[in-house]
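What follows is a single structure, written as structure tokens, with notes after it.
The values are calculated or read from the model by the stated rules, or taken from the named source; none is laboratory data. Quantities reported herein were computed from a predicted structural model and do not represent experimental measurements. Cβ coordinates were reconstructed from backbone atoms using ideal geometry, including for glycine residues, and neighbour counts include every protein chain displayed.
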Amino acid sequence: MTKTTKINIFSENIYTGWDINEKKYLDRAKKILRFYLDKIKDKSCLAGVEYDTISFDFLYCDSEKTHEINKEYRNKDYPADIITFAIFADTPEEERFVFDGEVNLGEVMIALDKVQEEAVKKNVTPDYELSFLISHGILHLLGFDHQTEDEYNFIIDMQQKALESIGIKGNDKV
């Protein structure tokens, strides 16, 4: 990534149960993305791609919405804490395109009610759990998955390193 790369992240919170500070999480997401690009760009869907701008979206919603999307698009009948539509990464390489220097990686949906539930179960702050899911979604947008144990371990390790790089530690307990 060059110093002139712009990052455009758009977010919308349609969940009324938690009025998150969207700017705070957008800033975190940008820092996390920069960390990943510095460390693993050559292994991502952006390897060898020329671009000036990276963009993607966050939709903060509830588990009812992720259940609906999970059922409709993934044939899975349960609510998810996170759903990622990795448009660029999931498109065959020969069909990927960069429009006017901009790569659109896709969209990440996060169910904020599930974030709050998981934070309680894991005995971490909702802030930590949301940051963890943001870092997870960005890895998916970059083309990383966790179908095997090795892939899962790689993703968890990268998430922890990315969060630690911005001062967020897994021991951020309630």
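Could you pull out the residue among I40, I9, I87 that is in contact with a Ser or Thr (Cβ under 8 Å, 6 or more places away or on another chain), closer than 20 Å to L139 by Cα and of a type in the set (A, V, I, L, M)?
I9
Restrict the check to the stretch 127-143 and report whether at least one residue is part of a loop (DSSP other than H, G, I, E, B) and either buried (at least 18 other Cβ atoms within 10 Å of the Cβ) or modelled with pLDDT of 95 or more (or both).
Yes: one or more hits.
Would you check which residues across the stretch 8-56 are farther than 28 Å from P92 by Cβ and in a loop (DSSP other than H, G, I, E, B) and list them?
Listed by number, the residues that qualify are I14, Y15, T16, G17, W18, D19, I20, N21.
Can you tell me which residues in the stretch 144-157 are assigned to a helix (DSSP H, G or I) and surrounded by 12 or more Cβ atoms within 10 Å (Cβ to Cβ)?
Scanning the stretch 144-157 gives E151, Y152, F154, I155, I156.
Are there any pairs with C-beta distances below 8 angstrom linking a residue in the stretch 74-102 that is more than 30 Å from D113 (Cβ to Cβ) to a residue that is of a type in the set (A, V, I, L, M, F, W, C), with the two at least 6 apart or on different chains, and if so which?
R96/C45; R96/V49; R96/F88; V98/V49; E102/I54
In this structure, does L130 turn out to be hydrophobic (A, V, I, L, M, F, W, C) and under 30 Å from Y51 (Cα atoms)?
yes
Only one of I20, I14 is touching a residue at least 40 places away in the same chain (Cβ under 8 Å), hydrophobic (A, V, I, L, M, F, W, C) and surrounded by 17 or more Cβ atoms within 10 Å (Cβ to Cβ). Can you tell me which?
Only one candidate qualifies: I20.
Would you check which residues across the stretch 1-33 are within 21 Å of L46 (Cβ to Cβ) and basic (K, R) and list them?
Hits for the stretch 1-33 are K3, K6, R28, K30, K31.
For the stretch 113-167, enumerate the residues that are among the aliphatic types (A, V, I, L, M), over 17 Å from L59 (Cα atoms) and touching a residue at least 60 places away in the same chain (Cβ under 8 Å).
L142, M158, A162, L163, I166
In the stretch 42-65, which residues are over 15 Å from the mean Cα position of the chain (by Cα) and crowded, with 17+ Cβ neighbours inside 10 Å?
Correct list: L46, Y51, D62, S63, K65.
Keeping to the stretch 1-23, report how many residues are among the charged types (D, E, K, R), modelled with pLDDT of 95 or more and over 16 Å from V108 (Cβ atoms).
The number of residues fulfilling the criteria is 3.
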